[in-house]
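Take a look at the structure below.
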């Protein structure tokens, strides 16, 4: 692992751009992050790139379609070791150390991710170790997800965070936002019910809400058990790809008030609902989901999928507030 650049703010997050195999095509970004104002001893997040770029092609992601294959297990672990080595002795004292497979790439498309999960307890000496995964749940990876379930039960019971990147309650919108074959909402519900065991953290349904994208609480209520699933609403973070493809976030905008009724309805139905705006300094650092430091610096990015433009407020209200 050859470190090319470290940038960011040590009080929030720092991003390491690293090259493997002495080839620029094999470049990763690893985030050494905090959750201000909590100190690192309280909560520490290490975001690991699981692929060299990403083949999925989400139209608001700067890693989209810049894909050069999968890192090996050692190359994945090198990213974790890099972060641990920057803060000697902190892991042992850290109350919650989250190793999050969610920077660049789709984890379920790399078999080595599961090997690394099995190795983590031996590599990370911390009683506060958590394993975290964000996925768009590609079709054809059912065996991968079955092994994931077994690893969670054997090594990380009560200390695993599974997040489905759902994005919309409309399968049509989801096909546009996640342009590879992926599990349906019903598939997510079936697997999530099996994945959740008593004592576990609830499976998170993440919606990065953009204008012109359906978010209907009635669909959630009919499909997902509030005893096993939680709802997380996040912005569409500022990315070069998002700008090129016309994406505008609802959160952090004047339309955010339109979500209030939908959130209140879901909470009344028993769901845990988190509206996660995050620290705006992360946008400038480029450490947020969908961002890539090198692309952010150049201001350019791939143009993928169809262009999505804003609609009038009445349409937004009817699609979001439900």
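The values are calculated or read from the model by the stated rules, or taken from the named source; none is laboratory data. Please read these numbers as outputs of a predicted model, since none were measured by experiment. Cβ atoms come from the backbone with ideal geometry, glycine included; neighbour counts cover every protein chain shown.
When 41, 92, 75, 5 are checked against the criterion of being in contact (Cβ under 8 Å) with a residue 60 or more places away in the chain and more than 21 Å from the chain's Cα centre (by Cα), a single residue qualifies: 5. Number of residues in region 187-226 that are more than 20 Å from residue 132 (Cα to Cα), assigned to a helix (DSSP H, G or I) and touching a helix residue (DSSP H, G or I) at 6+ places or on another chain (Cβ under 8 Å): the value is 5.
Residues in region 121-131 that are touching a residue at least 40 places away in the same chain (Cβ under 8 Å) and surrounded by 19 or more Cβ atoms within 10 Å (Cβ to Cβ): 124 alone. Residues considered: 252, 261. Of these, the only one that is at pLDDT below 85, surrounded by fewer than 19 Cβ atoms within 10 Å (Cβ to Cβ), farther than 16 Å from residue 203 by Cβ and in contact with a strand residue (DSSP E or B) (Cβ under 8 Å, 6 or more places away or on another chain) is 252. Can you tell me which residue among 40, 19 is surrounded by 18 or more Cβ atoms within 10 Å (Cβ to Cβ) and more than 15 Å from residue 102 (Cβ to Cβ)? Step by step, each of 40, 19 is checked, and only 40 is surrounded by 18 or more Cβ atoms within 10 Å (Cβ to Cβ) and more than 15 Å from residue 102 (Cβ to Cβ).
Checked against the criterion of being outside any loop (DSSP other than H, G, I, E, B) and within 23 Å of residue 114 (Cβ to Cβ), region 10-22 has at least one qualifying residue.
Criterion first (in contact (Cβ under 8 Å) with a residue 60 or more places away in the chain, in contact with a helix residue (DSSP H, G or I) (Cβ under 8 Å, 6 or more places away or on another chain) and surrounded by 15 or more Cβ atoms within 10 Å (Cβ to Cβ)) does residue 113 satisfy it? Answer is yes for this residue.
Applying the criterion of being touching a strand residue (DSSP E or B) at 6+ places or on another chain (Cβ under 9 Å) and not in a loop (DSSP other than H, G, I, E, B) to the residues of region 49-76, the residue that is surrounded by the fewest Cβ atoms within 10 Å (Cβ to Cβ) is 75. Residue 99: touching a helix residue (DSSP H, G or I) at 6+ places or on another chain (Cβ under 9 Å) and farther than 22 Å from residue 192 by Cα, yes or no? Against the criterion (touching a helix residue (DSSP H, G or I) at 6+ places or on another chain (Cβ under 9 Å) and farther than 22 Å from residue 192 by Cα), residue 99 does not qualify.
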